[in-house]
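Each remark here refers to the structure printed beneath this line.
The values are calculated or read from the model by the stated rules, or taken from the named source; none is laboratory data. Please read all numbers here as calculations on a predicted model, not as lab measurements. All Cβ positions, glycine included, derive from the backbone under ideal geometry; neighbour counts span all protein chains shown.
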Amino acid sequence: MKRTKIAALLSTPSIGSEVLIKGWVRTFRSNRFIAVNDGSTINNIQAVVDFEKEEETQLKRITTGAAIEIVGKIVESQGKGQTIEVIVKSFSVLGDANPEEYPLQPKKHSLEFLREIAHLRFRTSTFGAISRIRHAMIFAVHKFFNDKGFYNIHTPIITGSDAEGAGEMFRVTTLNIDNTPKDEKGKIDFKQDFFGKETNLTVSGQLEAELAALALGQVYTFGPTFRAENSNTTRHLAEFWMIEPEVAFNDLNDNMDLAEEMLKYCVQYALDNCKEDLAFLSNRLKEEEKGKPQDQQSMELIEKLKFVADNDFVRLTYTDAIDILRNSNTNKKGKFQYKIEGWGSDLQSEHERYLVEKEFKKPVILTNYPAKIKSFYMRQDDELPEAKPGMEVGTTVAAMDILFPGIGEIVGGSQREERLDILQQKIKDFNIPEEHVWWYLDTRKFGTVPHAGFGLGFERLMLFVTGMSNIRDVIPFPRTPKNAEF
Ligand code: 4AD
Ligand code: MG
């Protein structure tokens, strides 16, 4: 007999037929009711065993976490909570789980505890739901771009360049760190290293994606990226997955349109394809927020997703945002940790969240940031922004950040500097050695065109779609400072 998956069993039950199911025991009640889950759906199937007919020693082996195989007949359920159940004809325990040792007993476990047993947390309903949604979102991203005629490009994971100029990279080397070879100046001699030069794990595939876009037209990357920034927050990982589209002939407006369309597409995809998992996570969230005062409770998860899928994002310039923040009561009363003094300061996440959650109550796209606080490759704007009274302004770039409720920055992107002379000057200003980026500059020498792209942090999207509040809970094996277990 062929195994039937529980998802198929529940969605198209054929009452009266005999089935073979395999999965793991979630609970075993009254020596009679086995809840079995096989990962194909959040829902368990209830199998009813006649304990009088079975051997005591075998029944004892049906414990939470044990793997089991059941042959039985599908019947309409007598009890509440399920429409069908399986009357057990025969069963066998395939793999035992000693209840004295198995840490996942049927009770509420904290997310912190589950992080410590990340090798087992796939087996909980919450992480089952998140894992299925994560898969659906990966698929949605590829489908979105494929349907639009984009090509997926694999960019290198080991690189010799620092795309963000941030200097927060993980070194890749085969040199003996206890005894590194030295050059005549006494510095580490990377000529003797594996690649004959200094290399790192990539922080972004953007620069290479640009090379491809300037021949293939529209491309995207979807790969792991690595940042050694020591920020131990609920929004940062040292290893995260990023989606980076890059499109020839696009300007900043096209770029915003693409990013907004893509985010809405992914959210809608989850609404259409992950209904049961989202309903589960929504209830989970409601339970979690029960104790909180009304004004601190967030919008119901599915409502929130629909709201984002159906409404236009707000678009405004950095200069206008600074004006709003500067004149806000929160700023005047000194309630921001970092007071907004004037134009040019970097926005902290408290400011981003103020704009999204208090001022507009919608996703916000901020554009045209000061050149000084953004990356070297962003296109210098031709005009200065209009200064407000009491506010001096400076040069801006065609950058855009998308800010989401509860998350802050979810997307960062820009139109790229396509003019060779300006780009060369920027590289000097940012102290980037030309020999690191000569190949990048070549695209500006030969057939340069305006183009634009952005990066979407995949785990930030996952945070939004699942309503989870810690980024460590939306990736199977989080890498964060002082944590690389499993
Ligand atoms: O704003 P970032 O640094 O932009 C870039 O890397 C550009 N090269 C993208 C491009 O234009 N092609 O990062 C892009 C996004 C952020 O908006 C955020 O969602 C996510 O990547 N991100 C992180 N996610 C998790 N952990 C971290 N440490 C992250 N750093 C950035
Ligand atoms: Mg950014």
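Summary of values
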| quantity | calculated |
| --- | --- |
| Criterion: exposed (fewer than 14 other Cβ atoms within 10 Å of the Cβ) and either among the small types (Gly, Ala, Ser) or in a loop (DSSP other than H, G, I, E, B) (or both) - qualifying residue of PHE194, PHE139, PHE113 | PHE194 |
| Residue selected from segment 205-255 under the condition among the small types (Gly, Ala, Ser) and assigned to a loop (DSSP other than H, G, I, E, B), by the criterion modelled with the lowest pLDDT | SER231 |
| Selection within segment 92-119 - within 19 Å of PHE280 (Cβ to Cβ) and more than 18 Å from the chain's Cα centre (by Cα) | LEU104, PRO106, LYS107, LYS108, HIS109, SER110, LEU114 |
| Flag for ASP312 being assigned to a loop (DSSP other than H, G, I, E, B), modelled with pLDDT under 95 and out of contact with any Leu (no Cβ under 7 Å at 6 or more places or on another chain) | no |
| Failed item, numbered, when ASP381 is tested on (1) modelled with pLDDT of 95 or more; (2) touching a Leu at 6+ places or on another chain (Cβ under 8 Å); (3) away from ligand 2 (no atom under 16 Å from the Cβ) | (2) |
| Matching entry among SER375, SER414, SER469 (being under 26 Å from SER345 (Cβ atoms), under 31 Å from the mean Cα position of the chain (by Cα) and not in a strand (DSSP E or B)) | SER375 |
| Neighbours by Cβ (under 9 Å, 6+ apart or cross-chain): first from segment 435-455, over 16 Å from SER375 (Cβ atoms); second within 16 Å of ligand 2 (Cβ to nearest atom) and not in a loop (DSSP other than H, G, I, E, B) | TRP439/LEU207; PRO450/GLN415; PRO450/ARG416 |
| Test: residue in segment 441-449 that is over 23 Å from LYS197 (Cα atoms), among the basic types (Lys, Arg) and either buried (at least 22 other Cβ atoms within 10 Å of the Cβ) or near ligand 1 (Cβ under 10 Å from one of its atoms) (or both) | no |
| Residue check, PHE477 within 16 Å of ligand 2 (Cβ to nearest atom) and assigned to a loop (DSSP other than H, G, I, E, B) | no |
